[in-house]
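Engineer: Sending over a structure as C-alpha cells; questions will come in a sec.
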Amino acid sequence: MGAACETNSTPSRGLLDNPLIFAFMRSRLWPGLIAYPTLVVFGYIVFSLLWGPGAASANVGSGLTWVFWWPLIPLAMFAMGRLWCAICPFGKLIDLVQKVAGLGRPVPPFLKRYGIWVIDATFLLITWADHAFGIVESPRGSGYLLGLLITASIVTAVVFERRAWCRYLCFLGGLSGNYSRTSGVQLQATPAICATCKDQVCYKGDGQLAGCPVFEVPRAMASMANCNLCANCIKTCPKGSLRLMLRKPTSELWFIGRPKLSEAFLAVVIVGIVLVQNITMLSFWEPLMDRLSGWLFDSRIAAFTVVFVVAMAFPFSVVAAAAALSAGVRRERLFENFARFGYAVIPLDLAAHLAHNLFHLLAEGQSIVYNLAGVAGIYETGPTGVVSTSTIQVFQFGLLALGVSGSILTAWKIAQRPGATGGRMREAVPHLVVLVAFASLNVYLFTMPMAHRM
Amino acid sequence: MRRLTLVLSLVAALAVLLAGTDALASGGLPLLCDLQAGPYAIALHNDSPSLVIGRNVLTLELPPEAEGRDVQLSLLGTNGETLTVGLRRVTVLGGEQTTEDMPGMEGMKMPVPSEFLLRGTAELPKTGPWRARVDVTDTTGTVQSAEQELRAIDGGPNRVYLAATGTLIGGALVFGVIARRRTRPIRAGRTR
C-alpha cells in the first residue's frame with residue numbers, strides 16, 4: 001500500500017517543507033553558529049559595563065544592551081517566538097557549564113509550580129531596582145545586574161537538569177513566554193506519527209544530542225510559550241514528526257486551555273511596568289520626584305517606591321474590577337475571570353513595550369555607532385536619532401493600534417468560548433473598556449516629550 | 001475589527017499631527033569642569049562622571065573663537081607627573097549647523113559658527129587629586145591657560161561584589177565537578 005499512500009497523506013510540515021530551512025534547523029550549525037558569537041559579544045558587553053566608561057552615553061555595553069538589544073527583543077518574540085532563547089548567552093553558558101559541572105538533578109516540584117511567580121516577583125524587583133538605583137543609566141549597575149543573572153544561572157545549571165533556569169526562573173523567559181504566544185509561528189508534532197513512537201527521543205535525547213532543554217514534550221505541546229526553537233527535537237526525531245507552522249498572530253491566546261493566574265498576572269504587571277517606564281522619562285517626572293521626596297524624608301527611593309506601587313496597583317485594580325463585572329456571566333470566581341481575560345492584555349503589552357523601546361532604538365540608535373567608532377579610535381559625534389521624533393510617533397501609534405486591535409480581538413474570542421450563560425457581549429465589554437483605556441493612556445503618554453535613556 | 005483598526009489608526013495619526021513634540025535632550029557626556037582660559041570658555045568632559053584610574057576619554061568643548069588655535073590639555077599629578085592628552089578633532093556628522101533652523105532665519109542656510117570638540121585619552125595611574133590644565137596658543141603666540149583641580153577615583157566595579165559573585169560561581173563549579181566525579185560509576189579495571 002502503501003508507501004505511495006503514506007506519502008500522499010503526509011501532512012505539510014509548514015516552513016520545514018522548505019529544504020533550506022529544514023537543512024539549517026537539522027544541522028549542527030543551528031543554533032551554535034549564532035549562539036557562540038552572541039556569547040562572545042555578551043562577554044564584551046559585560047566587560048564594558050563593569051570596566052568601561054562610567055557614563056552610559058559613552059559605554060558601548062550600555063548602548064548595545066538598552067538601546068539596541070532590549071528594544072529589538074519584543075519584536076523578535078513576536079516574529080519568531082522564543083527564538084532568542086536558543087541563542088541567548090545565558091542559555092549557552094548553561095549548556096557549557098553542564099558539560100563539566102552539571103549534576104542533572106530534577107527540578108523540585110516547588111519550582112515547577114511556583115517558578116512563574118518567582119519570575120513575576122523578580123521582574124517587579126528588577127524594574128523597581130532599575131529606577132531606585134539607576135541600573136539602566138549606570139553601566140556599573142547594568143553590569144551588576146548581568147553579573148547576578150550570570151551567577152544565578154550558573155548555580156542553577158550546576159544543580160538542575162536541562163535549562164531549568166530558562167524555563168522556571170529567568171525573568172526574560174517569563175516575558176518571552178507571554179509575548180511568544182502572540183507570534184506567528186508554532187512548532188508542533190504530528191499526532192499520527194507520534195502515536196506510533198515509543199522512544200520519545202525528542203524529549204529524552206538520543207545519546208548524541210540532548211532532549212528538549214525546556215522540558216517540553218513536543219507531542220503534547222500546544223503553546224509556544226516555552227519552545228525556543230533550538231530544533232533539538234527536529235534533529236532527533238527519526239520519523240520527521242515535527243512541523244513548523246505559520247499561524248495567525250495572537251491566535252494562541254484565543255484558546256488557552258488552562259489559564260494560569262500567574263501568567264495573567266505577569267501580563268497585567270507589564271502594563272504597569274510600561275507605565276512606569278514611560279512616566280519616568282517625561283518632563284514632569286523630576287519635579288514630581290522632588291516634591292514627593294520632600295514629603296518622604298528626602299528619600300527618592302521611598303518616593304519612587306510609592307509611585308511604583310501605585311503604577312503596579314492601577315492596572316491590576318482596573319483589570320480586577322473588569323473581572324468582577326464580567327465574572328457573573330459564567331458564574332465564575334473573580335480570579336478565574338482575571339486569569340482568562342488577563343491573556344487579552346498581552347498583545348497590548350507587547351505593542352506598548354515595543355513602542356516605548358522603539359523610541360530609544362530610533363532616537364538614540366546612532367549613539368551606538370559613535371561609541372563603537374570611539375572604541376576603534378575614531379572620534380565622531382552628531383545627532384543620535386535615526387529618524388525624526390514625529391516619524392517615531394507614527395510607528396508608536398501604529399504599533400499601539402495593532403496591539404489594542406489584537407487585544408480586543410483576543411478578549412472577544414475568549415468571551416466566545418462555550419460556557420457563558422448571560423451573553424458574550426456582557427462578559428467581554430468590561431475588559432474591552434479596560435483595554436481601550438490602557439491604549440488611550442499609552443497614546444497620551446507617547447504624545448509627550450520623552451527623555452533619552454543614554 | 002478592520003473598522004476598529006482603521007478608526008484607531010486615524011486617531012493615532014491625528015494625535016501625531018496634534019502632538020508634534022520633540023524628545024528631551026540626552027544626558028551627553030558628563031561635565032568634569034569649566035575652564036576659563038583668557039577669553040575662551042572651555043568645558044572639559046569625560047566618558048565617566050569623574051576622572052578614574054585607567055583610561056579616560058576626555059573631550060574639550062571649545063567656543064568658535066578658539067577655531068584654528070593650538071590647544072593643549074594636560075593632567076598634572078601631585079608628585080609632578082604630567083600626562084599630556086593627545087587631542088584630535090571630533091568629526092560632527094550630519095553637517096554643520098546653519099541658520100536654516102534658527103527662528104526668523106529659516107531657509108537662509110548661512111553657516112553658523114559653532115562650538116567644536118577635541119578629544120583624547122589619558123591613562124591615569126592613581127587616584128587622588130589631579131589638575132587639568134588647558135593652554136590655548138593664539139596666532140600671535142600668546143598662551144592663555146586655565147587650571148582646575150579634579151579628583152580621580154577608582155571607577156571600576158565594587159570589589160566586594162566581584163569577590164562574592166566570583167566565589168559563588170567558582171564554588172558552584174568546583175562543587176559540581178567534584179560531585180560529578182563522586183557519583184560517576186568507577187570505570188572497569190580501575191581500583192580506588
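The values are calculated or read from the model by the stated rules, or taken from the named source; none is laboratory data. Everything numeric in this text was worked out from a predicted model, so none of it was measured. Backbone-built Cβ (ideal geometry, glycine too); neighbour counts: all protein chains shown. Calculation scope for accessible area: heavy atoms of the full protein, side chains included, ligands and nucleic acids excluded. Shrake-Rupley method; radii C 1.70, N 1.55, O 1.52, S 1.80 Å.
Engineer: Take region B:133-153 and flag every residue that is open to solvent by less than 50 Å² (accessible area, probe 1.4 Å), charged (D, E, K, R) and within 30 Å of residue A:52 (Cα to Cα).
Structural biologist: Listed by number, the list holds a single entry, B:135.
Engineer: A further question on this structure: Looking at residue A:136 and the list (1) of a type in the set (A, V, I, L, M); (2) more than 19 Å from the chain's Cα centre (by Cα); (3) part of a loop (DSSP other than H, G, I, E, B), which single condition is not satisfied?
Structural biologist: (2)
Engineer: (1) of a type outside the set (S, T, N, Q); (2) within 19 Å of residue A:174 (Cα to Cα); (3) surrounded by fewer than 22 Cβ atoms within 10 Å (Cβ to Cβ): which one isn't true of residue A:255, the others all being true?
Structural biologist: (2)
Engineer: Next up: Filter region B:74-87 down to the residues that are more than 14 Å from chain A (Cβ to nearest Cβ) and part of a strand (DSSP E or B) and list them by number. Outline the logic, then answer.
Structural biologist: Our first condition is that a residue be more than 14 Å from chain A (Cβ to nearest Cβ); within region B:74-87, this holds for B:74-84.
Those that are more than 14 Å from chain A (Cβ to nearest Cβ) and part of a strand (DSSP E or B): B:74, B:75, B:76, B:77, B:82, B:83, B:84.
Engineer: Report yes if some residue within region A:202-210 is away from chain B (no Cβ under 14 Å), crowded, with 19+ Cβ neighbours inside 10 Å and not aromatic (Phe, Trp, Tyr); otherwise report no.
Structural biologist: Scanning region A:202-210 turns up at least one residue that is away from chain B (no Cβ under 14 Å), crowded, with 19+ Cβ neighbours inside 10 Å and not aromatic (Phe, Trp, Tyr).
Engineer: While we're looking at this one, here's another question. Condition first: without any contact (Cβ under 8 Å) to a residue 24 or more places away in the chain and in a loop (DSSP other than H, G, I, E, B). Now tell me which residues in region B:143-172 satisfy that.
Structural biologist: Within region B:143-172, the first condition is being without any contact (Cβ under 8 Å) to a residue 24 or more places away in the chain, and the residues that meet it are B:143, B:149, B:157-172.
Scanning region B:143-172 gives B:157, B:158.
Engineer: Take residue A:300 and decide whether it is at pLDDT below 90, open to solvent by 30 Å² or more (accessible area, probe 1.4 Å), at positive phi and not hydrophobic (A, V, I, L, M, F, W, C).
Structural biologist: No; evaluated as a whole, the condition is false for this residue.
Engineer: Give the residue, chosen from B:156, B:128, that is in contact with a strand residue (DSSP E or B) (Cβ under 8 Å, 6 or more places away or on another chain) and either open to solvent by 80 Å² or more (accessible area, probe 1.4 Å) or away from chain A (no Cβ under 14 Å) (or both).
Structural biologist: Criteria check complete, one pass: B:128.
Engineer: Can you name the residue in region A:370-401 that is more than 23 Å from the chain's Cα centre (by Cα) and among the aromatic types (Phe, Trp, Tyr) and is also nearest to residue A:440 (Cα to Cα) among such residues?
Structural biologist: Only one residue fits best here, namely A:370.
For every residue, the table says whether it meets (1) within 10 Å of chain B (Cβ to nearest Cβ); (2) open to solvent by 40 Å² or more (accessible area, probe 1.4 Å).
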{"residue": "A:131", "(1), (2)": "no, yes"}
{"residue": "A:154", "(1), (2)": "yes, no"}
{"residue": "A:165", "(1), (2)": "no, no"}
{"residue": "A:169", "(1), (2)": "no, no"}
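Engineer: Something else about it: Name every residue in region A:266-299 that is among the charged types (D, E, K, R) and not in a loop (DSSP other than H, G, I, E, B), in order of residue number.
Structural biologist: A:286, A:290, A:291
Engineer: State whether one or more residues within region A:281-293 are within 23 Å of residue A:136 (Cβ to Cβ), surrounded by fewer than 20 Cβ atoms within 10 Å (Cβ to Cβ) and touching a strand residue (DSSP E or B) at 6+ places or on another chain (Cβ under 8 Å). So that I can check it myself, show each step before the final result.
Structural biologist: Of region A:281-293, the ones within 23 Å of residue A:136 (Cβ to Cβ) are A:281-290, A:292-293.
Cutting the leftovers down to surrounded by fewer than 20 Cβ atoms within 10 Å (Cβ to Cβ) gives us A:282-290, A:292-293.
With touching a strand residue (DSSP E or B) at 6+ places or on another chain (Cβ under 8 Å) added as a condition, the list becomes A:282.
Checking region A:281-293: at least one residue is within 23 Å of residue A:136 (Cβ to Cβ), surrounded by fewer than 20 Cβ atoms within 10 Å (Cβ to Cβ) and touching a strand residue (DSSP E or B) at 6+ places or on another chain (Cβ under 8 Å).
Engineer: Considering region A:314-339 alone, what residues qualify as being open to solvent by 50 Å² or more (accessible area, probe 1.4 Å), under 14 Å from residue A:259 (Cα atoms) and not in a loop (DSSP other than H, G, I, E, B)?
Structural biologist: Selection gives A:334, A:335, A:336.
Engineer: Of the residues A:390, A:407, which single one is among the hydroxyl-bearing types (Ser, Thr, Tyr), without any contact (Cβ under 8 Å) to a residue 60 or more places away in the chain and in a helix (DSSP H, G or I)?
Structural biologist: A:390 is the lone residue from the list that is among the hydroxyl-bearing types (Ser, Thr, Tyr), without any contact (Cβ under 8 Å) to a residue 60 or more places away in the chain and in a helix (DSSP H, G or I).
Engineer: Kindly provide the set of residues from region A:159-175 that are of a type in the set (A, V, I, L, M, F, W, C) and farther than 14 Å from residue A:212 by Cβ, ordered by number.
Structural biologist: A:159, A:160, A:165, A:169, A:170, A:171, A:172, A:175
Let's see how each residue does on (1) of a type in the set (D, E, K, R); (2) part of a loop (DSSP other than H, G, I, E, B); (3) within 26 Å of residue A:44 (Cα to Cα):
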{"site": "A:150", "(1), (2), (3)": "no, no, yes"}
{"site": "A:155", "(1), (2), (3)": "no, no, yes"}
{"site": "A:177", "(1), (2), (3)": "no, no, no"}
{"site": "A:183", "(1), (2), (3)": "no, yes, no"}
{"site": "A:203", "(1), (2), (3)": "no, no, no"}
{"site": "A:207", "(1), (2), (3)": "no, yes, no"}
{"site": "A:214", "(1), (2), (3)": "no, yes, no"}
{"site": "A:222", "(1), (2), (3)": "no, yes, no"}
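Engineer: Filter region A:139-152 down to residues that are open to solvent by 30 Å² or more (accessible area, probe 1.4 Å) and under 17 Å from the mean Cα position of the chain (by Cα), then give me how many there are.
Structural biologist: Qualifying residue count, region A:139-152: 0.
Engineer: Same structure, new question: Restricting to region A:97-116, count the residues that are in a helix (DSSP H, G or I), within 14 Å of another protein chain (Cβ to nearest Cβ) and open to solvent by less than 60 Å² (accessible area, probe 1.4 Å).
Structural biologist: Counting residues in region A:97-116 that are in a helix (DSSP H, G or I), within 14 Å of another protein chain (Cβ to nearest Cβ) and open to solvent by less than 60 Å² (accessible area, probe 1.4 Å) gives 3.
Engineer: Could I ask something else about it? Kindly provide the set of residues from region A:157-166 that are in a helix (DSSP H, G or I), under 19 Å from the mean Cα position of the chain (by Cα) and in contact (Cβ under 8 Å) with a residue 60 or more places away in the chain, ordered by number.
Structural biologist: Correct list: A:165, A:166.
Engineer: Inside region A:38-66, can you point out the residues that are farther than 10 Å from residue A:89 by Cβ, open to solvent by 20 Å² or more (accessible area, probe 1.4 Å) and more than 11 Å from chain B (Cβ to nearest Cβ)?
Structural biologist: Residues satisfying the conditions are A:44, A:64, A:66.
Engineer: Looking only at region A:414-425, decide whether some residue is open to solvent by less than 30 Å² (accessible area, probe 1.4 Å) and under 19 Å from residue A:259 (Cβ atoms).
Structural biologist: Within region A:414-425 (the criterion being open to solvent by less than 30 Å² (accessible area, probe 1.4 Å) and under 19 Å from residue A:259 (Cβ atoms)), the answer is yes, since at least one residue qualifies.
Engineer: Quick one: would you say residue A:348 is assigned to a helix (DSSP H, G or I) and either under 26 Å from residue A:49 (Cβ atoms) or open to solvent by less than 40 Å² (accessible area, probe 1.4 Å) (or both)?
Structural biologist: Spelling it out, residue A:348 is indeed assigned to a helix (DSSP H, G or I) and either under 26 Å from residue A:49 (Cβ atoms) or open to solvent by less than 40 Å² (accessible area, probe 1.4 Å) (or both).
Engineer: Any residue in region B:88-101 that is part of a strand (DSSP E or B), within 11 Å of chain A (Cβ to nearest Cβ), at pLDDT below 90 and crowded, with 16+ Cβ neighbours inside 10 Å? Full working, then the answer.
Structural biologist: Going through region B:88-101, the residues part of a strand (DSSP E or B) turn out to be B:88-89, B:91-92, B:98.
Checking the rest, the ones that are also within 11 Å of chain A (Cβ to nearest Cβ) come to B:88-89, B:91-92.
This time we only want the ones that are at pLDDT below 90, so: B:91-92.
If we keep only those that are crowded, with 16+ Cβ neighbours inside 10 Å too, we end up with B:92.
Yes: region B:88-101 contains one or more residues that are part of a strand (DSSP E or B), within 11 Å of chain A (Cβ to nearest Cβ), at pLDDT below 90 and crowded, with 16+ Cβ neighbours inside 10 Å.
Engineer: Let me confirm something: among A:94, A:119, A:126, which residue is in contact with a Leu (Cβ under 9 Å, 6 or more places away or on another chain), buried (at least 20 other Cβ atoms within 10 Å of the Cβ) and not in a loop (DSSP other than H, G, I, E, B)?
Structural biologist: Unique residue meeting the criteria: A:119.
Engineer: Out of A:402, A:409, A:361, A:354, I need the residue that is away from chain B (no Cβ under 11 Å) and either surrounded by fewer than 24 Cβ atoms within 10 Å (Cβ to Cβ) or at positive phi (or both). Which one?
Structural biologist: A:361
Engineer: Shifting gears a bit: Could you tell me which of the residues B:13, B:25 is open to solvent by 40 Å² or more (accessible area, probe 1.4 Å), modelled with pLDDT under 50, part of a loop (DSSP other than H, G, I, E, B) and within 9 Å of chain A (Cβ to nearest Cβ)?
Structural biologist: Answer to the selection: B:25.
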